[in-house]
Amino acid sequence: MSPTLDASRIKAISLDLDDTLWPIWPVIARAELALQDWLRPQAPRTSALLADIEQRQTLRREVQQLRPELGHDLRALRQEVIRLALQRHGEDTALVAPAYEVFIAERMRVELYDDARPALAWLAQRFPLVAVSNGNADLHRIGLGMYFRAGLSAQEFGVGKPDARIFHAAAYAAGVAPHEVLHVGDDAALDVLGALKAGLQTVWVNRAGHDWEHAEHRPHATVGHLGDLCARLRAA
């Protein structure tokens, strides 16, 4: 039997960011190009390597194997990929920090889904909102900080979704118990299953109309966009 959303229990909402509030892959692709363009005049061989998707992914996997302690620290992982590429081509490793700044500045230039800002404004008037993300978006640089009580990223917290600890930390940041939090996100495994196991209610944001593939557990509600979520809560 599918669980039913109990709006009377909701005292706070935690929200995923990437692919819930904005599409992430166009942003990453644009940031990769900005990084390559910036490196090209100063480190052309490194720029060419990073422009090759297969070589870039191979180097990233190598760094993950060599430096497993980086874990969820996407900033350190990205910087190490750039450093290793520069080093192997005999190019200036002093470029790592400014190169990363070029990448991350472009990564913060997101284009929100049309429903995201109106939904955030409506929800923030009624609940404390906490961002819970495995990515490295900065709410204030993106221009959404005014809507959120707090933001938790795997990079800073040390563990990411689906680990229950980050969901419990979100509840603590909102000043409520885990069972009083509604978690909203697009990823069936990381967001929905992770939050369910942590004792939260869940809403799956299924913009693409995918089938639910986890028969043993189901979200409390599924919506096609965040306007649907607001309508459900408004009607409750």
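Taking the stretch 45-74, which residues are outside any helix (DSSP H, G or I) and without any contact (Cβ under 8 Å) to a residue 24 or more places away in the chain?
Those that are outside any helix (DSSP H, G or I) and without any contact (Cβ under 8 Å) to a residue 24 or more places away in the chain: Asp52, Arg67.
Could you tell me how many of the residues in the stretch 77-104 are surrounded by 13 or more Cβ atoms within 10 Å (Cβ to Cβ) and either among the aliphatic types (A, V, I, L, M) or in contact with a Phe, Trp or Tyr (Cβ under 7 Å, 6 or more places away or on another chain) (or both)?
Total meeting the criteria: 13.
Do the conditions hold for Phe103, that is, is it in contact (Cβ under 8 Å) with a residue 60 or more places away in the chain, closer than 17 Å to Leu35 by Cα and among the aromatic types (Phe, Trp, Tyr)?
Answer is yes for this residue.
Going by the conditions given, is Gln42 without any contact (Cβ under 8 Å) to a residue 60 or more places away in the chain, not assigned by TED's automatic domain parsing to the domain that holds Gly185 and not in a helix (DSSP H, G or I)?
Yes; evaluated as a whole, the condition is true for this residue.
Confirm whether Leu74 is touching a strand residue (DSSP E or B) at 6+ places or on another chain (Cβ under 8 Å) and either surrounded by 20 or more Cβ atoms within 10 Å (Cβ to Cβ) or of a type outside the set (S, T, N, Q) (or both).
Judged against the criteria, Leu74 is not a match.
Go over the candidates His179, His168 one by one and state the one that is out of contact with any Phe, Trp or Tyr (no Cβ under 7 Å at 6 or more places or on another chain), over 22 Å from Glu213 (Cβ atoms) and either free of Cβ contacts under 8 Å to residues at least 40 places away in the same chain or buried (at least 21 other Cβ atoms within 10 Å of the Cβ) (or both).
Only one candidate passes the filter, namely His168.
The values are calculated or read from the model by the stated rules, or taken from the named source; none is laboratory data. Predicted model, so just to flag it, every value in this text is computed and none were measured. Note that we place each Cβ from the backbone using ideal geometry, even for glycine, and neighbour counts take in every protein chain shown.
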